[in-house]
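Student: The structure is given below, and queries will be raised subsequently.
The values are calculated or read from the model by the stated rules, or taken from the named source; none is laboratory data. Predicted model, so just to flag it, every value in this text is computed and none were measured. We place every Cβ from the backbone using ideal geometry, glycine too, and count neighbours over all the protein chains shown. With ligands, DNA and RNA removed, areas are computed over all heavy atoms of the protein, side chains included. Shrake-Rupley method; radii C 1.70, N 1.55, O 1.52, S 1.80 Å.
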Amino acid sequence: RRVHGEYRMNAFIGIGILTAILYGVYIDGTFFKMYAILLLIYTILTQIGAYSRYNNARKKCTIATWNGPNDPEVFVTHEWDITKAQEYLKRKQKESGLGLTITHLVGYCAGHALKDEPDLNGRICFGNYYPKDKVGISYLISCESGRDLGIYKVEDADKKEIEDFYKELNAGSKKLRSNKDTDHKKRGLSLSIFPTFLIEPLLFIIGYIAGAMGISMKLFGLRDNAFGTCVITSVGMLGYEHAFVPLPPYSNVPLIVTIGTIVKKPLVVENEIKIRDVINITLTLDHRYTDGARAAKVYQKFIKYLDDPVTCPKESAV
């Protein structure tokens, strides 16, 4: 069986490979000699032209990540009238003196929407689902003028104020963009030195150990549960109104939230047509984690908090 690609093996194939390995180790090593020679030849062939400017670490990572479509992704879109959100952010900016943005607000609302939903805030390991005791919200951060992507996770997101999102994300972004993030440099080095056909199983193994099993792989720059429960990415800065973003298999996250650019649209408000600032929010959900009815509860909470941030539990308690 497989998680997202053709390379998740069932028990029969796994036992067969293990048998071949044990046979080669204890009975006859010819198999390994032939395999090593063929592997060396294939590696040399795949590396011809691999070091051109088109095959950087990020490009090799994307090639190694996805196969043909065979996954449980579900996409949901929402036209978000940001009128009340803008009013909320202006008030918070004035009170805190911080440059709070839509990006911080989306993570803040997502963290609180996921708080009481153990069916979605969890991990799948060895074919079983296990709820997490923390809500982690990760952000994809553009580095090197868009040539690279970094990631920063806000831990205990359901316990944080929106100001905490700003402070943590601001510090994390500066660290990544100044090339001072040790984990990010380790990840980049790992992807740079291996050929694509080795990166694919490597990403799966490391991602599974860190994401599904919750064990840090510090040598490769991946902490336990590195991507958290939800990943947030903004395509609005690129001018896209909306985008349907795939779930990277190695991330082992059940949810991605994509933020589009701000556009003006006619909306019906109190039986009148008004021009409002709107953002398209797109959610990518891994159907293995939960069904539509349970996911809808998280979605409804999330949209409620976005549409009117003062309804968020943290705000209501103030």
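Student: Extending each Cα 7 Å along its Cβ direction at His287 and Ile193, get the distance between those two points in nm, one decimal.
Tutor: About 4.1 nm, to one decimal.
Student: Continuing with the same structure: Which distance in Å, rounded to a whole number, links the C-alpha centroids of the stretch 141-204 and the stretch 240-276?
Tutor: 23 Å
Student: Would you work out what percent of the accessible area of the stretch 145-247, with all protein chains in place, is carbon or sulfur (probe 1.4 Å)?
Tutor: After summing per-atom areas, the C and S share lands at 59 percent.
Student: Between Arg294 and Val25, what FRET efficiency follows from the Cβ-Cβ distance if R0 is 51 Å, with the result rounded to 0.05?
Tutor: 0.65
Student: Restricting to bridges with both residues inside the chain, how much of the DSSP beta-bridge set is antiparallel, in percent to the nearest 5?
Tutor: Bridges in the chain are about 80 percent antiparallel.
Student: Could you tell me whether the stretch 165-229 comes out rounded, prolate or oblate from its Cα gyration tensor? Rule is a ≥ b ≥ c as square roots of the eigenvalues, rounded for a/c under 1.5, then prolate if a/b exceeds b/c, otherwise oblate.
Tutor: oblate
Student: Whole number in Å², please: accessible area per residue of the chain, 1.4 Å probe, ligands, DNA and RNA not counted.
Tutor: On a per-residue basis, the chain sits at 55 Å².
Student: Which value at 222 nm does the chain reach when only helices count, each DSSP H run of 4 or more adding -39,500 (n - 2.57), with the total divided by all residues and rounded to the nearest 500 deg cm²/dmol?
Tutor: Calculated mean residue ellipticity at 222 nm is -13000 deg cm²/dmol.
Student: Can you list which of the DSSP-assigned H helices in the chain have a Cα extent of 24 Å or more along the long axis and an average Kyte-Doolittle score of at least -0.5?
Tutor: Helix filter hits for the chain: 30-47.
Student: Can you list, largest first and rounded to whole Å, the semi-axes you get for the stretch 112-240 by taking the square root of 5 times each eigenvalue of its Cα gyration tensor?
Tutor: For the stretch 112-240, the semi-axes come out at 23, 22, 13 Å.
Student: Still on this model: Using a 1.4 angstrom probe on the protein heavy atoms only, line up Met217, Met237 by accessible area, largest first.
Tutor: These residues rank, largest area first, as Met237, Met217.
Student: Also: Let me check the size of the stretch 196-318 from its C-alpha atoms; what are the radius of gyration and Dmax in Å?
Tutor: Spelled out, the Cα radius of gyration and Dmax of the stretch 196-318 are 18.4, 59 Å.
Student: Sticking with this one: For P(r) over Cα pairs in 20 Å bins from 0, in percent, pick the label among (1) 19, 19, 14, 13, 10, 9, 9, 6, 1; (2) 28, 54, 16, 2, 0; (3) 24, 40, 28, 8, 0 that corresponds to the value derived from the coordinates.
Tutor: (2)
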